[in-house]
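See below for the structure under consideration.
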Amino acid sequence: MKFKHFFIILLISVSGVLASGCAQVPVWERGHLAKHQMAVDPYPLQNHIQLHNYSSREAAASTHSSDGGGGCGCY
Amino acid sequence: MAKKNNKPKISLKRAVNSIASNKPVTRKRQRGTAVAAAGSSKTLQALTSAAVMLPGLLLPSAQAADGDHINFQFSRYQESKRNLFGIPNSQNPIRADILHGSGLFTLTDRAKFAFSYTQDIWSGATPIVTSPLAANPYSPIRRNTPSGTVVAGASPLMNPSEGVLLDRDLNPLQRDTGMQDTRSVLVLATASPETRNQANFRLGYEWYEAEINASAGFSLENDYKSSFGNLGGRLDFNQKLTSVKFGAGYTSSDISAILDHDAAPYLTKTAFSDQIRRREDGAEILRAERQDWAANIGVTQVLTKHSLVDANFGYTHSNGYLENPYKAVTVIFVDPEVLNNGQTTPILGDVRALLEQRPGQRNQFAFSTKYIQHINPLDAALHFNYRFSTDDWGINTNTFSANWIQPLPGGWIVTPRIRYYSQDSADFYQPYLITQQNYSTQAVDSLGRNIWVDSNNPDIEYVRDENFNLLDSEGNIVSVSDVQPKTIPFDAGKLPGDFSSDHRLAGFGALSGGVTLRKEFAKGIALEAGFEYYTRASSMKLGSGGGNSFADFDYYVANAALTINPGIMSLPGSSGHAHHHAHTGKDNSHKHSRHHLQPAGLMFAHMLDNPGEFMVGYNFMYSRMGGNMLHGSNTVSDPTIVSEGCSTEILCTFKPAEMDMRMHMLDIMYAPTRWLNLMLMPRFMDMEMHLQELEGRPPPEPGEHQHFGGHTTGVIGDTLIASLIKLYEKQGHRVHAGLGISAPTGKTDLEIRRVFRVDGGAIHFGMQLGSGTWDFVPSLTYTGEYNRWNWGAQVSGVKRMEDRNESGYRLGDLFQATTWGGIDLTSWLTASVRGLYTLQDRIHGDFNTLNARIGPMDFPSNYGGQFWNIGLGVNAIIPDGRFAGHHFGFEWLQPVHTDVNGFQLDRKGALTASWSYRF
């Protein structure tokens, strides 16, 4: 039941993203998008530290777990 | 060639006009231009292609790590003390120091190589089990003081011998008042510092609208080894407005957990008995394996010129040993006969700790989405994230976070952030369990008689007759001196299949907030600093509270990072460009590379010549001690160390068998003028020492501090701040002086953990991370060169400027003299030979806190001495190509003669590897 619920959320979100795929932004209007603050991960170093700490203290799954990384996190 | 012919001619004027008129451009029309290639459409297409080629206008989201860069980062995680309901808690809470270095380099136009290295060192008190507070799971540690006995702390108990009183509904009762008390408390145990090293390597290959990556790495800890590999990629569509990302990874882990020698005797490990082996020194090792498969897919979509959205889905399948080998669950055994005897008086529960048991597999699903909006009036960006995850352990989680990224004048960016997290409890999470059976019962035979066994051979069984005589299986009276009851352990089938009281599997909520500051300097250098405060509260869980507020805690994380982008450093027009030419131009190369010729292990030996010039360097130093124990310069036998190595009152029991030291030093140098250079050198180190019991040592006393394995310490060392002043310069010769200060940023009060309820006290002098005193570090250097030859000499010293550090002692002053010669093997490679003499005084004073004093390394007179070394080194300056101007050096220092003060372990040698870049 939980999984069903989850996949419905997923489906809605993905279709929302795909529906918006029709949007057009000409290349010369992408100046703002190219800025540092608009990057999906503007602070990879900070992000890495935060995720490391969260994952050692929380039980949530990650959407980036295939990036690898090991360790017990046994503390 | 055909492609070139088809390429439309660009008219800049027309292109500008086209933008100025701001004509709406539809997808259809763009396609039309490509086919028709006529008039302004042609211009548009040309402009489009030209603009897309500009790196800044590529969709940044898809290439978060584009551009060569090198990062250094230090981070500290510090937890607050746990709530023990008034029980004195003398244990330090968990702290983790993380050192990280990474880099990404473009090998060819399309191929990239990235590496990262992370070292974690953590220590402190961690929960091992949760217990009803009424079971009194801590016993007071009393210390005698002149004013009487005081309670100095509390020692954790996993099996409180008095058990716990329960009412008939199985609620815990306070022992002294008899009141019902349903509170639980964490039972904490302190861990010695533990080190983890992780390295990753990644190779990437890029096309215009696609990218593939392959990466692999490993993570090493004493008790946990993982290796992992990953394949991933990216595809861009729709003129790079849409990017699809995907990846798959596999991790394999080997666990060989050393069960806490304090806790092991009190742990019930029957469920894992097949996996536990006893090591020679008596430690119990739990061996297991674990595997994780992960896959993720995501899409990044530009919505408007001010917004984009990123969505990711991840799946992880894990199987094998998913437990934490250091966590146990309190199980209260209640005798069912007593419980059901019809009375109403309190009953006694037998409190035991069983190693936790989790399911053998786990499937996790996660979905995360991020919306990014550019706020035009402020040129800021708002990032809003939401993540939902679920797994077949019953843990659903929701995470919301928002970041506001605000650029400010002067190259500053400030980013406040806030995050809320909530998770449900795992199906099998329980603070503790109550089971209606006895922990063990004495076996009875078919006639109801208690069975006894021979203590030396448990297979031989006896019963007693009415006269208390032992009868063997044939009914004959026998006389056996050593018998014990035959016991039947509890029935594990009456317990749940899985159970854990790890608070990370409990239901709770967490709120955190923080800020990141970033400052971009000219020349491709950026400094980042981040701070975050996190608070976990069972009551903040979404929906109803988690009911485990006893496990609440706070933590903060502070970090600082330095990012260097050599690509920007060497852009045409910057001084870096000129520098490269200096190295690549044949005539100039010698003149300008001179300052890199000094052996890698030498400090303060070169100066920057040009005002405004910067240098960033990294040095890695490794030294090893091992082999024989020395007294002066002679090998010494164990019995002599026992009687003479410590003091007249104390005999030695242990000696160091080997010691490794690794140091990472950053070297940041700046030349404000031609004659003055300023240097900042933060140092990070970790040390490991293994001890060996001395032959002929006095027999151990009961409760003596035993050593298993080794000790580790880390990670912040002392910080050097120095200035170099040019005194003399003439063709081929120069002299400069160095005036430095060493700031006591390294700790000198590190302690060995409490073992067998005995405080270990301060860890050996040589394992402390700093001097603890402000030190003066002067040096005088002469360098010369002629044709292919170069040479030099240096005298340097360390003078402690305080009499004692906070721990009560002061390291000996140090004097060094060195001289070297080198020859250019090619225009970019140099070899060097060096002689080094070191004189160091003994340690003065002593620890003002408890120190175990078990061997020579715990006595101040066994430090310092005279040391002679020969150094062999090579230096390379990459002459051209992508890494032009980067300097690499290696030097091995081989001990040739050692004359120590007192009794010390012999030296094996030291390696220095260095990298530096000037711009």
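Values in this text are rule-based calculations from the coordinates and carry no lab data. These numbers come from a predicted model, not from an experiment. Positions of Cβ are backbone-derived with ideal geometry, glycine not excepted, and every protein chain shown enters the neighbour counts.
Give me the three principal axis extents of region B:183-241 from the C-alpha atoms, as integers in angstrom, largest value leading.
Rounded to whole Å, the extents work out to 59, 32, 14 Å.
For B:ASP899, B:ASP274, which order do you get if you count the other beta carbons within 10 Å of each Cβ and list the fewest first? Provide the component values of the computation, followed by the final result.
Details: B:ASP899 13, B:ASP274 8.
Fewest to most other Cβ atoms nearby, the residues stand as B:ASP274, B:ASP899.
Over all distinct Cα pairs, what is the inverse of the mean 1/r for chain B, reported as the Kirkwood hydrodynamic radius in Å?
Values: mean 1/r = 0.0304 Å⁻¹.
The Cα-based Kirkwood calculation yields 32.9 Å.
Taking Cα centroids, how far is region B:212-266 from region B:65-125 in Å?
Cα centroid of region B:212-266 versus Cα centroid of region B:65-125: 16 Å apart.
Considering only the other residues whose Cβ falls under 12 Å of the Cβ of B:VAL444, what net charge follows from Lys and Arg at +1 and Asp and Glu at -1? Before the final figure, lay out each step's value.
Working: positive: B:ARG449, B:ARG464, B:LYS486; negative: B:ASP445, B:GLU461.
So the environment of B:VAL444 carries a net charge of +1.
Please compute the contact order of region B:300-429 in relative form: average sequence separation of alpha-carbon pairs under 8 Å and at least six residues apart, divided by the residue count, as a percent. Present the calculation step by step, with values, prior to reporting the outcome.
Details: 249 pairs, mean separation 26.7, N = 130.
Relative contact order for region B:300-429 comes out at 21 percent.
In what sequence do B:PHE490, B:PHE228 fall when counting other Cβ within 10 Å, fewest first? Walk me through the intermediate numbers first.
Working: B:PHE490 20, B:PHE228 23.
The most exposed by this proxy come first: B:PHE490, B:PHE228.
Near B:ASP638, within a Cβ-to-Cβ distance under 12 Å, what is the net charge of the other residues, with Lys and Arg +1 and Asp and Glu -1?
On the way: positive: B:LYS655, B:ARG697; negative: B:GLU644, B:GLU693, B:GLU695.
For residues surrounding B:ASP638, the net value is -1.
Which residue, chosen from B:ALA560, B:LEU157, B:GLN91, occupies the Cα position most advanced towards the positive end of the dipole of chain B, where the dipole is computed from +1 (Lys, Arg) and -1 (Asp, Glu) charges on Cβ about the Cα centre?
Comparing the listed Cα positions along the dipole, B:ALA560 ranks first.
Regarding region B:432-518, what's the average projected area of the Cα-atom convex hull, expressed in nm²? List each step's numbers first, then the result.
Details: hull surface 48.7 nm².
That works out to 12.2 nm², a quarter of the Cα hull's surface.
Counting other C-beta atoms within 10 Å, and keeping those with at most 13, which DSSP coil GluC sites (Glu not before Pro) do you find in region B:593-652?
B:GLU649
Compute the distribution of all C-alpha to C-alpha distances in region B:575-918, in bins of 20 Å from 0, and list the percent of pairs in each, rounded to whole numbers.
29, 52, 18, 1
Tell me the mean residue ellipticity at 222 nm calculated for chain B from its helices only (DSSP H runs of n ≥ 4, each -39500 (n - 2.57), averaged over every residue, nearest 500). Each step should come with its number before you reach the end.
Working: 9 runs with 72 residues, N = 919.
It lands at -2000 deg cm²/dmol.
Just flag the GluC sites (Glu not before Pro) in region B:409-509 sitting in loop per DSSP whose Cβ has no more than 14 other Cβ atoms within 10 Å. Before the final figure, lay out each step's value.
On the way: sites: B:GLU461, B:GLU466, B:GLU474; in loops: B:GLU466, B:GLU474.
For GluC sites (Glu not before Pro) across region B:409-509 that sit outside H, G, I, E and B with at most 14 neighbouring Cβ atoms in 10 Å, the list reads B:GLU466, B:GLU474.
Note the direction-averaged projected area, equal to a quarter of the hull surface, for the Cα convex hull of region B:304-436, in nm².
Numbers: hull surface 56.6 nm².
Across all orientations, region B:304-436 yields a mean hull projection of 14.1 nm².
Report the local net charge at B:LEU471: Lys and Arg +1, Asp and Glu -1, summed over other residues whose C-beta lies under 15 Å from its C-beta.
Details: positive: B:ARG449, B:ARG464, B:LYS486; negative: B:ASP445, B:ASP454, B:GLU461, B:ASP465, B:GLU466, B:ASP472, B:GLU474.
Taking every other residue near B:LEU471 into account, the sum is -4.
Restricted to Cα positions, what overall size does region B:389-540 have along the principal axes? Three whole-Å values, descending.
Computed over region B:389-540, the largest-to-smallest principal extents equal 98, 33, 23 Å.
Can you give the Kirkwood hydrodynamic radius for region B:441-489, in Å, rounded to one decimal and based on Cα pairs? Please list the in-between numbers first.
Values: mean 1/r = 0.0930 Å⁻¹.
When all Cα pairs of region B:441-489 are included, the Kirkwood radius is 10.8 Å.
Of A:LYS35/B:LYS245; B:LYS726/B:LYS799; B:LYS245/B:LYS305; B:LYS747/B:LYS799; B:LYS327/B:LYS655, which ones are farther than 27 Å apart at the Cα? Could the numbers behind the result be given before it?
Details: A:LYS35/B:LYS245 21 Å; B:LYS726/B:LYS799 22 Å; B:LYS245/B:LYS305 21 Å; B:LYS747/B:LYS799 19 Å; B:LYS327/B:LYS655 33 Å.
With Cα atoms farther than 27 Å apart: B:LYS327/B:LYS655.
Could you give the dipole magnitude of chain B about its Cα centre, charging the beta-carbon of Lys and Arg +1 and that of Asp and Glu -1, in debye to the nearest 20?
On the way: 82 positive and 89 negative charges, 1312 e Å.
So the dipole magnitude of chain B works out to roughly 6300 debye.
Normalising by the residue count of chain B, find the relative contact order in percent from Cα pairs under 8 Å and 6+ residues apart. All intermediate terms of the calculation are to be shown ahead of the outcome.
Numbers: 2367 pairs, mean separation 75.4, N = 919.
With pairs under 8 Å counted, the relative contact order is 8 percent.
Just want the ordering: B:LEU597, B:LEU99, B:LEU839, B:LEU378, from fewest to most Cβ atoms lying within 10 Å of their own Cβ.
On the way: B:LEU597 26, B:LEU99 21, B:LEU839 16, B:LEU378 12.
Arranged by neighbour count, lowest to highest, B:LEU597, B:LEU99, B:LEU839, B:LEU378 become B:LEU378, B:LEU839, B:LEU99, B:LEU597.
Taking Cα pairs under 8 Å and at least six residues apart, what relative contact order does region B:575-918 come out at, in percent? Display every interim value, and only then the final one.
Details: 966 pairs, mean separation 70.9, N = 344.
Taking the mean separation of contacting Cα pairs over the length of region B:575-918, I get 21 percent.
Does anyone have the angle between helix B:39-53 and the longest principal axis of chain B? Alpha-carbon axes, 0 to 90°, nearest 10?
So the helix axis and the longest Cα principal axis differ by about 50 degrees.
I'd like the distance between the alpha-carbon centres of region B:491-556 and region B:803-824, rounded to an integer number of Å.
44
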